Amino acid sequence: MEKRLITSALPYVNNIPHLGNLIQVLSADVFARYCKMRGFDTLYICGTDEYGTATETRALEEGITPKELCDRYYKIHSDIYEWFNIDFSDFGRTSRPEHTEITQYIFKKLDINGYIRKQTDEQTYCETCSRFLADRYVSGVCPHCGYESARGDQCENCGKLLDPMELINPKCSVCGNKPVVKKTKHLYIDLPVILPQLKKWMDKASADGFWAHNAVQMTNAWIRDGLKKRCITRDLKWGIPVPKEGFEKKVFYVWFDAPIGYISMTMHIKEDWENWWKNPEEVKLYQFVGKDNIPFHTVIFPSSLIGTGEKWTLLYHMSSTEYLNYESGKFSKSKGIGVFGTDAKETGIPADVWRFYIFYNRPEKSDALFTWKDFQEKVNGELIGNLSNLVNRTLTFAVRYFDGVISEGKKDTELWKKAVRLEKGIEESLEKVELRDAFRKIFALSSLGNKKFQDAEPWKVVKENQDEVKNLLWNLLCLIRDLAILIRPYMPETSDKILDMLDAKDNSWEKLGKLSAVKYIKKPELLFKKLEDKETEAFRDRFSGSQEERKDSTVNKFRNKVELRIGRITEIEKHPKADRLYIEKVDVGGRIRACSVLQRRRAPWEKYHNCCKS
């Protein structure tokens, strides 16, 4: 059986992931669940990307060590992904010992094979902070599009990769002062020399593995514009030490070591990790990334592996999405804009509802927009009005008129001809990793069932023709079982609920399209709660602006409405008109105020009275 190795881009550890970030880990989760249901030997690898300037600087700002910061955010990320029901084979960390071991091994191989170059560079240096600045910690105006908050490594607005020296009016992102330029020695990977091997591999892999259109476009643009030597070292303390004489005080650039994390995390859980990462004949590697991460996975990471001269498992399929935007702007971790994983948990809306919307609206071929209004409409219209409606109306009818016992009937040939065609289309889309397309076809299948129920009007004929109605229900119940199997990769909790109500134990993919007896229907329960206008408006207001602005807004509201003061109780008396109230006199800064206080249950009067006297 074919092996499928699945990865999603490692989330950077010093922030809370928002819905846009979650698309990749959730997409890989859906595909991994599907592969397991199909019987493929499957690994799903992900973890936190922990090294680099962002972590070191954030830790410095908070007065803690980088390790302490990473430990805290690793727990936050793990809790969020667990709440979203993401089923990793391993959710690892790039700070593990295996990661240092394999990263240094790959570097040494590249160095031995002549692909590493020494170079003296001019680099931005902040005299106020007394440190060289990593590219992303220099900000200024993008020379290509004029965006005023471009980072030194990549413009968030136009997506162009940058050198901080290119920025107009550069400044240190930590202190805001203008940096100076200093000379420093660094190591580079010589991509132009590796290019012929890379190009030969890419031409075949992108066709065989049907890469996403934007992945092919962006990679070809990199190659067409001419690959350059890429710096792989940084002047930092928090990172993997460079094992080369004269460079011992430097660490590897995070974008050299981070993709190698997929290998190190596999090493952590598999002694036979080489059967996965050095076995291209039997293993297909599927990688899920956002479009801003494409070149690192299609050029830099495979070049690093090709340059070792060893036989590595290289990328088979690249699933790269466009951006998910938020209301009137972009999701942004750095600016705290959007709905974050912790926010989703706090809404009280179940994880499967969020999973539904993310996949129904997945930005596969163009940018998508999250708005609270659209979220409400899709949940109420499709998730509840379509899928949940079919399940509820069919099961309720079966329980109400037949006590949940529906014997095996006659196959509705016309219905199942359409259903099987849709089910085959769903499987074909999943094999091509067209997750949104497959998901929408599932809802088309649900619509087919709803139309069948509505056209048959069983409520009109149930008393006169019970056999006909039973036959209709049996076919629809088999269709609902198929729907429960098909949504399992997308909404696992909902799948479990539906299968439990059907008392169906076997949820294997092979059951699709095969009608079998439904033994007993349990009393149905509503799968989801409708989202009301007032509720979604409240969420829209609550999650507008940045996280910092929301925090300030909450604090200011509290300050404006509540005045906190510390006082000393000077006297306590029993309330003359209430058994469980006392009257206290409180000295607040020289002013005596009287107030009524509720008596604690079973607390004796003497306790309060004597306490006041003491």
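Quick one: count up the residues across the stretch 75-95 that are in contact with a helix residue (DSSP H, G or I) (Cβ under 8 Å, 6 or more places away or on another chain) and either open to solvent by 30 Å² or more (accessible area, probe 1.4 Å) or part of a loop (DSSP other than H, G, I, E, B) (or both).
Count: 11.
Show the residue pairs meeting these rules: Cβ distance below 7 Å; 6+ apart or different chains; first residue within the stretch 198-220 and under 16 Å from Pro280 (Cα atoms); second residue aliphatic (A, V, I, L, M) and open to solvent by 20 Å² or more (accessible area, probe 1.4 Å).
Leu198/Ile306; Trp201/Ile306; Trp201/Leu314; Ala205/Leu314; Ser206/Val216
Could you identify the single residue in Ser495, Ser508 that is closer than 24 Å to Phe359 by Cα, among the polar types (S, T, N, Q) and free of Cβ contacts under 8 Å to residues at least 40 places away in the same chain?
Result of the check over Ser495, Ser508: Ser495.
Being closer than 27 Å to Arg33 by Cα, modelled with pLDDT of 95 or more and in contact with a strand residue (DSSP E or B) (Cβ under 7 Å, 6 or more places away or on another chain) is the requirement here; does Val420 meet it?
No: the conditions fail for Val420.
Could you check Asp111 against (1) within 35 Å of the chain's Cα centre (by Cα); (2) surrounded by 15 or more Cβ atoms within 10 Å (Cβ to Cβ); (3) not in a loop (DSSP other than H, G, I, E, B) and say which number it fails?
Result: Asp111 passes all but (1).
Might you let me know whether the stretch 48-69 holds any residue that is without any contact (Cβ under 8 Å) to a residue 60 or more places away in the chain, crowded, with 19+ Cβ neighbours inside 10 Å, assigned to a loop (DSSP other than H, G, I, E, B) and polar (S, T, N, Q)?
There is no residue in the stretch 48-69 that is without any contact (Cβ under 8 Å) to a residue 60 or more places away in the chain, crowded, with 19+ Cβ neighbours inside 10 Å, assigned to a loop (DSSP other than H, G, I, E, B) and polar (S, T, N, Q).
Restricting to the stretch 472-495, what's the tally of residues that are of a type in the set (D, E, K, R), open to solvent by 10 Å² or more (accessible area, probe 1.4 Å) and not in a loop (DSSP other than H, G, I, E, B)?
Total meeting the criteria: 2.
Taking the criterion of being at pLDDT 95 or above, closer than 13 Å to Arg436 by Cα and under 16 Å from the mean Cα position of the chain (by Cα), would at least one residue in the stretch 345-355 satisfy it?
Within the stretch 345-355, one or more residues are at pLDDT 95 or above, closer than 13 Å to Arg436 by Cα and under 16 Å from the mean Cα position of the chain (by Cα).
Quick one: which residue in Glu464, Glu431, Glu468 is within 26 Å of the chain's Cα centre (by Cα) and of a type outside the set (Val, Ile, Thr)?
Checking each option against the conditions leaves just Glu431.
If the requirement is being of a type in the set (D, E, K, R), under 30 Å from Asn471 (Cα atoms) and surrounded by fewer than 21 Cβ atoms within 10 Å (Cβ to Cβ), which of these qualifies: Asp412, Asp367?
One residue alone meets the criteria, Asp412.
Check Pro302, Pro259, Pro243 and return the single one that is in a loop (DSSP other than H, G, I, E, B) and open to solvent by less than 10 Å² (accessible area, probe 1.4 Å).
On inspection, the qualifying residue turns out to be Pro259.
Here is a list of conditions, (1) crowded, with 20+ Cβ neighbours inside 10 Å; (2) at pLDDT below 95; (3) closer than 15 Å to Thr233 by Cα, and Asp153 meets all of them except one; can you say which number that is?
Of the numbered conditions (1) crowded, with 20+ Cβ neighbours inside 10 Å; (2) at pLDDT below 95; (3) closer than 15 Å to Thr233 by Cα, the odd one out for Asp153 is (1).
Here is a check on your reading of the model: is Thr219 open to solvent by less than 40 Å² (accessible area, probe 1.4 Å), within 23 Å of Val13 (Cβ to Cβ) and either in contact with a helix residue (DSSP H, G or I) (Cβ under 9 Å, 6 or more places away or on another chain) or not in a helix (DSSP H, G or I) (or both)?
Judged against the criteria, Thr219 is not a match.
For the structure I just gave you, tell me whether Val461 is modelled with pLDDT under 95 and either in contact with a His (Cβ under 7 Å, 6 or more places away or on another chain) or buried (at least 22 other Cβ atoms within 10 Å of the Cβ) (or both).
No; evaluated as a whole, the condition is false for this residue.
For the stretch 529-552, check the following and say yes or no: at least one residue is modelled with pLDDT of 90 or more, β-branched (Val, Ile, Thr) and within 27 Å of Phe370 (Cβ to Cβ).
Yes, some residue in the stretch 529-552 is modelled with pLDDT of 90 or more, β-branched (Val, Ile, Thr) and within 27 Å of Phe370 (Cβ to Cβ).
Is it the case that some residue within the stretch 343-353 is farther than 23 Å from Lys441 by Cα, of a type in the set (A, V, I, L, M, F, W, C) and open to solvent by 30 Å² or more (accessible area, probe 1.4 Å)?
Within the stretch 343-353, not a single residue is farther than 23 Å from Lys441 by Cα, of a type in the set (A, V, I, L, M, F, W, C) and open to solvent by 30 Å² or more (accessible area, probe 1.4 Å).
I'd like to verify a number: residues in the stretch 157-203 that are in contact with a Phe, Trp or Tyr (Cβ under 7 Å, 6 or more places away or on another chain), open to solvent by 30 Å² or more (accessible area, probe 1.4 Å) and among the charged types (D, E, K, R), how many?
Residues in the stretch 157-203 being in contact with a Phe, Trp or Tyr (Cβ under 7 Å, 6 or more places away or on another chain), open to solvent by 30 Å² or more (accessible area, probe 1.4 Å) and among the charged types (D, E, K, R): 1 in total.
Residue under question is Lys118, and the condition is that it be farther than 29 Å from Gly20 by Cα and either modelled with pLDDT of 95 or more or open to solvent by 40 Å² or more (accessible area, probe 1.4 Å) (or both); does it hold?
It is true that Lys118 is farther than 29 Å from Gly20 by Cα and either modelled with pLDDT of 95 or more or open to solvent by 40 Å² or more (accessible area, probe 1.4 Å) (or both).
The values are calculated or read from the model by the stated rules, or taken from the named source; none is laboratory data. No experiment lies behind these values; they were computed from the predicted model shown. Note: ideal-geometry Cβ built from the backbone for every residue, glycine included; neighbour counts use all protein chains shown. Surface areas here come from the heavy atoms of the whole protein model, side chains and all, with no ligands, DNA or RNA. Shrake-Rupley method; radii C 1.70, N 1.55, O 1.52, S 1.80 Å.
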